[in-house]
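The values are calculated or read from the model by the stated rules, or taken from the named source; none is laboratory data. Here the structure is a predicted model, which means the values were calculated and not measured. Here the Cβ positions follow ideal geometry from the backbone for every residue, glycine too, while neighbour counts run over all protein chains shown. For the accessible areas, the whole protein counts, side chains as well, though only heavy atoms, and no ligand, DNA or RNA atoms are used. Shrake-Rupley method; radii C 1.70, N 1.55, O 1.52, S 1.80 Å.
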Amino acid sequence: LPRPLARRRAAVIATSVTAWAVEGAAVLAPVLAIYTSKGLSPLMAILAAAALYVLWRADSWRDVARLPAVRALSALLAWALFSAIWALDARDALSTFAGVAVMVIGGASFAGAAYVAPQGDLRRLGVALGLGLGLCLAAALDYEHGHAVHRLLWTLQGLQREWRSAGINTGMTLLVLVVFPAAIAFWRNGWKVLAVAAPLAVAAVVLPAWAVTPRLALVTGIAVFALALWLGRAMIITMVAAMAASVVMAPLLVAALLRPETHEAWLTGHSPSGLHRLYIWRFVNGHIGHKPVLGWGMDSARSLPGGGELILGKFPALPLHPHNAALQLWVELGLVGAILGAIVVFVIGRAIGRLADPVARAGAAAVYAAAFIILSASFGVWQNWWLAALGIVAALTLAACHWPARPRPAP
């Protein structure tokens, strides 16, 4: 084909593949997180393959590689790999790094394809996000009130298992994160009633649920959305600077403000898991002091001396990871890793603050704040399904913010 025609054809193919990948993720990822969060990792592998194909066909992979956020993430990954030299178990560190690298590269490629490749149809994305949210809300209600779907599947297989409402935590997390790009897409499409109703519907399901962290994330996200609309860029830049500073100052903040003895009386009756978190963070803080600059090496948190000792007579001092991203970076990668992590936080947040559309800017800031709350109180930094979830949410947010809306027909 002549060169201009070949380029045009490549652009059409890239647009189609990108659109189908992003829309498919919008429908599948939220409900998948309810029933099998580990399924997000293979989903990300498929999405990453599609994204890499798109970036190759559109000749855009260099543009993605040059993005400041991708460079900052690459520096953090490189330091994590280097830390395997002194890790407590170098083999585990390298194995963990391999999985993390695949998820981070895949997520960055998928998000980058949604951003730099030819843009898709915002209306179709809005429909896909609405369908994904609807399915996830229905699945969450089913899970919280008897788990009928899983019970039916177990009966058909002749299995007998115990249902635990605690298992909804991962699904609620993705539900909270996805509602904000959905609200952006709804608003930019002119579906303003739906943009307001979606967070309210999610709140009606999440706030009465068992999981505490998704509740905090949702309330924080909604508050940030409102404040960012009211105060604009200044509020977002201030928030991002505070988030980055909190990563570097995490050990001091935990030691000064989050001592278990200070909050034990209230948390014992209201949130035993929250009290356990405070003891975990104090334990991790003590080990940060032993190797403050370089840390103990990637994935060493699970092997720290004394981690198996019981707290309060029944909880391990450190179950697998610190349940706080900043402290995990500190204890495993030291001050160097914490600074690199803070740079990642600031670079991504600065890009959000530069968005021109006020609603897109506020919605993206809400996603970012909600994800930061979850990173600060829940999952491990290196969990593959969680990295996949963050990559998918990043792609959905970028698409919702940047894909062009069709002009509405004249009356």
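Here is how the numbers come out for the structure above:
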item: Rounded, prolate or oblate (a/c below 1.5 giving rounded, otherwise prolate when a/b exceeds b/c) for segment 305-358 by Cα gyration tensor; result: oblate
item: Of 135, 252, 156, the one that fluctuates the most in a GNM where the chain has Cα springs shorter than 10 Å; result: 156
item: Gap separating the Cα centres of segment 57-128 and segment 273-352, nearest whole Å; result: 22 Å
item: Cα-Cα P(r), segment 258-304, percent of pairs per 5 Å interval; result: 5, 21, 25, 16, 13, 12, 7, 1
item: Burial order of peptide ranges 392-404, 273-285, 234-246 (average beta-carbon count within 10 Å, highest first); result: 392-404, 273-285, 234-246
item: For segment 32-126, alpha-carbon Rg over 2.2 N^0.38 Å; result: 1.26
item: Rel. contact order, % - alpha carbon contacts under 8 angstrom, at least six apart, the chain; result: 27 percent
item: Computed label-point distance, nm, for sites residue 226 and residue 66 using a 7 Å Cα→Cβ extension; result: 4.2 nm
item: Pairwise FRET efficiency - residue 135 versus residue 204, Cβ, R0 = 22 Å, nearest 0.05; result: 0.85
item: Angle between the chain longest axis and helix 122-144 axis [Cα atoms, degrees, rounded to 10]; result: 40 degrees
item: Surface share of carbon and sulfur [accessible, 1.4 angstrom probe, percent] for the chain; result: 68 percent
item: Most to least packed among 314-325, 376-387, 329-340, 191-202 [average Cβ atoms within 10 Å]; result: 329-340, 376-387, 314-325, 191-202
item: Listed values [x] 0.97; [y] 1.12; [z] 1.04, entry calculated as Rg/Rh (Cα atoms, Kirkwood Rh); result: [x]
item: Calculated P(r) of segment 253-367 - Cα pairs past 24 Å, %; result: 40 percent
item: Full-extension gain in nm, residue 94 to residue 271, via 0.36 nm per residue minus C-alpha separation; result: 60.2 nm
item: Helical contribution to [θ] at 222 nm, DSSP H n ≥ 4, -39,500 (n - 2.57), averaged over the chain, rounded to 500; result: -25000 deg cm²/dmol
item: Sites residue 242 and residue 148 - FRET efficiency at Förster radius 41 Å, r taken between beta-carbons, to 0.05; result: 0.40
